[in-house]
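Trainee: Here you go, one structure.
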Amino acid sequence: MIESIFDFDQELHHMNEDELRMLLRELYLRADRAVSQEVDTGRTDEFAAKVQSIFKRLDDRRNRDQAEKQALEAQKTHEIHIAFGDSPLGSIKVAMGNVPGRSERRFFSMSDYYAIGPLGDLKNKLNVQRRHLWLLERFHMSEHGRYAAQGVDELLHINQVVSSIDEETRITIWYANNGHERTGLVYAMHLLRDRKSPIYVIETKELYPQLFNTPEVQYEIRGTGEIPPEKLLKMWHHCEHDEPLSSEERRQMEQEWLHLSAQPGHLRLMQDGCIQSVSEDAIDEFIMQKFTEVASTRQPGEFIKSARIVGEVLGHLEQAVGDTFIEYRIRQLILQGRLDMEGMPHAMRFYSIRLASS
């Protein structure tokens, strides 16, 4: 029986495509019938009207997206900026907003999270489906719900866009040297391996302290998304006249992808400046260590919000694994009997944890 959004989310997860279509069709028909009866009776059903308006907006949005796509295709693109995630790409767009040539510049996000999950040949649809299923099974219950919404076709679209960039278009790839963005970089280089024209990279993690740190203020970023637009713009100007990647550098990155994508581990961490593929439980002891530190400031046996522990780990872990993955590992520690839980795991803010009772 469905009694909460958590139950409903689980039910959606188990539905196939035909069942989802049937559910939406039934919802549309009921809303349409309710709105039609309003005309006859003079009564107003605001909920039915809102549901109907949602369906009407679907077509408007599809038409708008198609028009924007056609407008972009009609323009000659001389420059494309690639980033790994919507947040860093948004900041890069703002940063480049007043740089001359705006109408001939495009931006694209490789919006998968490359630090986690199986890889393999991601141009192969079966491998993409395997990766999507792995992520969906672990993260469909998270408050982000990203992999429940992001379908296989959207992940395959990344390959199509990057592989089909015109030979005359200048490519600039922004990345920080962490497990997520570095893996994304070498994958992008694999997709671009047959492209002969120049490719430029801006490595934000190493460049940031060079440009902005002072003897008084020392700050080390972990990801490009942490950098505000005005500083990204300064990075762009600093690198504007750099040389493109050499043939040897590109070949090394392509080989790095081939090696990494064949590794069995489902978590990618930076160790001694290189990406290492490790088992997904590799940060569990760090999570337990941070939990113990927070618990030492509380009453014995006190439950602590899961979100508090996720924030503590996220703030001290020198890796880019994301809060969703950390919260997933906390749930695994609960299932293993190392932690007790109070509340419902709809999302990290809805439940609390403590050391398991002996």
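Trainee: Given the options Ser87, Ser91, Ser36, Ser53, name the one that is hydroxyl-bearing (Ser, Thr, Tyr), surrounded by 14 or more Cβ atoms within 10 Å (Cβ to Cβ), modelled with pLDDT of 70 or more and farther than 15 Å from Trp236 by Cα.
Mentor: Values: Ser91 fails: farther than 15 Å from Trp236 by Cα; Ser36 fails: surrounded by 14 or more Cβ atoms within 10 Å (Cβ to Cβ); Ser53 fails: surrounded by 14 or more Cβ atoms within 10 Å (Cβ to Cβ).
The match here is Ser87.
Trainee: So in the stretch 226-241, with the set limited to residues that are assigned to a loop (DSSP other than H, G, I, E, B) and in contact (Cβ under 8 Å) with a residue 12 or more places away in the chain, which one is surrounded by the fewest Cβ atoms within 10 Å (Cβ to Cβ)? Outline the logic, then answer.
Mentor: Here is the first cut: in the stretch 226-241, the ones assigned to a loop (DSSP other than H, G, I, E, B) are 227-228, 240-241.
Going one step further and asking which of them are in contact (Cβ under 8 Å) with a residue 12 or more places away in the chain, we end up with 227-228.
Details: Ile227: 23, Pro228: 10.
Among those that are assigned to a loop (DSSP other than H, G, I, E, B) and in contact (Cβ under 8 Å) with a residue 12 or more places away in the chain, it is Pro228.
Trainee: What's the number of the condition Ser352 fails, among (1) under 23 Å from Phe8 (Cα atoms); (2) assigned to a strand (DSSP E or B); (3) open to solvent by 50 Å² or more (accessible area, probe 1.4 Å)?
Mentor: Exception for Ser352: condition (3).
Trainee: Are there strands (runs of 3 or more DSSP E) fully within the stretch 242-346 with at least 1 residues that are within 30 Å of Val201 (Cα to Cα)? List them. Can you show your working first?
Mentor: Numbers: elements: 267-271, 274-278, 339-343.
Hits in the stretch 242-346: 267-271, 274-278.
Trainee: Something else about it: Of the residues Glu280, Glu249, Glu256, Glu220, only one is more than 29 Å from Ile165 (Cβ to Cβ), open to solvent by 30 Å² or more (accessible area, probe 1.4 Å) and either without any contact (Cβ under 8 Å) to a residue 12 or more places away in the chain or in contact with a strand residue (DSSP E or B) (Cβ under 8 Å, 6 or more places away or on another chain) (or both); which?
Mentor: On the way: Glu249 fails: more than 29 Å from Ile165 (Cβ to Cβ); Glu256 fails: more than 29 Å from Ile165 (Cβ to Cβ); Glu220 fails: either without any contact (Cβ under 8 Å) to a residue 12 or more places away in the chain or in contact with a strand residue (DSSP E or B) (Cβ under 8 Å, 6 or more places away or on another chain) (or both).
One residue alone meets the criteria, Glu280.
Trainee: Looking only at the stretch 201-243, how many residues end up being under 16 Å from Leu89 (Cα atoms) and more than 22 Å from the chain's Cα centre (by Cα)?
Mentor: 6
Trainee: For the stretch 160-177, which residues satisfy the criterion of being under 19 Å from the mean Cα position of the chain (by Cα) and either open to solvent by less than 10 Å² (accessible area, probe 1.4 Å) or charged (D, E, K, R) (or both)?
Mentor: Going through the stretch 160-177, the residues under 19 Å from the mean Cα position of the chain (by Cα) turn out to be 160-162, 173-177.
Within the stretch 160-177, Val162, Ile173, Trp174, Ala176 qualify.
Trainee: Out of all the residues in the stretch 137-163, which are at pLDDT 85 or above and hydroxyl-bearing (Ser, Thr, Tyr)?
Mentor: Ser163
Trainee: Being surrounded by fewer than 19 Cβ atoms within 10 Å (Cβ to Cβ) and touching a residue at least 40 places away in the same chain (Cβ under 8 Å) is the filter here; which residues of the stretch 305-321 pass it? Write out each step before concluding.
Mentor: If we filter the stretch 305-321 for residues that are surrounded by fewer than 19 Cβ atoms within 10 Å (Cβ to Cβ), which is where we start, we get 305, 307-308, 311-312, 314-318.
Correct list: Lys305, Ala307, Glu318.
Trainee: Could you please tell me which pairs satisfy a Cβ distance under 7 Å, a separation of 6+ or placement on different chains, a first residue in the stretch 77-106 that is within 14 Å of Tyr175 (Cα to Cα), and a second residue that is acidic (Asp, Glu) and open to solvent by less than 40 Å² (accessible area, probe 1.4 Å)?
Mentor: Correct list of pairs: Phe84/Glu181.
Trainee: Would you confirm, using the coordinates I've provided, whether Arg338 is closer than 16 Å to Met288 by Cβ, modelled with pLDDT of 90 or more, charged (D, E, K, R) and open to solvent by 80 Å² or more (accessible area, probe 1.4 Å)? Break it down stepwise before answering.
Mentor: On the way: closer than 16 Å to Met288 by Cβ: yes; modelled with pLDDT of 90 or more: yes; charged (D, E, K, R): yes; open to solvent by 80 Å² or more (accessible area, probe 1.4 Å): yes.
So Arg338 passes the test.
The values are calculated or read from the model by the stated rules, or taken from the named source; none is laboratory data. Remember, it's a predicted structure, so these values are computed and weren't measured experimentally. Cβ atoms come from the backbone with ideal geometry, glycine included; neighbour counts cover every protein chain shown. Ligands, DNA and RNA are excluded from the accessible area calculation, which covers all protein heavy atoms including side chains. Shrake-Rupley method; radii C 1.70, N 1.55, O 1.52, S 1.80 Å.
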